[in-house]
Every structure is written in structure tokens, then in C-alpha cells.
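The values are calculated or read from the model by the stated rules, or taken from the named source; none is laboratory data. Fair warning: this is a prediction, and the values are worked out from it, not measured in the lab. Here the Cβ positions follow ideal geometry from the backbone for every residue, glycine too, while neighbour counts run over all protein chains shown.
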Amino acid sequence: MLLGEQTPAAVLAAADDLDVTTKTGQVCEANFYTAELNRLQGHDDEALRLYKIAVGTCPRNFDEYRAARLALRELGMRP
């Protein structure tokens, strides 16, 4: 996705898994990296929305959880 080879929707669809733990982690990563892409493209409102989703749904031991919290702070929001 970050290289332009997949759409954010395709990445989110690929995150689906029968195992709930695996799916939770993969959806977390998909939301976080889609937020990063939006931020790089100047779509801060969509990035904020996705960072908030990541903070609310990512396992707390994931790097993406911590990175999403930091990104929200950088954008002036409280995680």
C-alpha cells in the first residue's frame, strides 16, 4: 500500500483472518499504516480518524498502538 501497489481497502480486506487474535493485530496494523499514508498525503482528518481507531482497537503491546498515540499527540489530540 505504501508503495502504491494496493489500496487501503485491499489492505484492510487482507487483514481478515479466522483467528480473532491474528485478525485484531492485522486490522490494527492496516489502520495504523493507512493513517500514516493519509498523513503523508496531507489528509490529516482521515489520518486522525484512523489513528483514533488504532488506539482504540490495537493491542497495547503493539508498536502501532504506541505510534498511533504519539501521532495523535503530534497532531494536537489527546489519545
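In region 2-18, is there at least one residue being surrounded by fewer than 18 Cβ atoms within 10 Å (Cβ to Cβ) and β-branched (V, I, T)?
There is at least one residue in region 2-18 that is surrounded by fewer than 18 Cβ atoms within 10 Å (Cβ to Cβ) and β-branched (V, I, T).
Looking only at region 24-44, filter to residues that are among the charged types (D, E, K, R) and either touching a helix residue (DSSP H, G or I) at 6+ places or on another chain (Cβ under 7 Å) or modelled with pLDDT under 95 (or both); which one of those is surrounded by the fewest Cβ atoms within 10 Å (Cβ to Cβ)?
D44
Keeping to region 46-75, report how many residues are closer than 18 Å to T7 by Cα and either in contact (Cβ under 8 Å) with a residue 60 or more places away in the chain or surrounded by fewer than 18 Cβ atoms within 10 Å (Cβ to Cβ) (or both).
2
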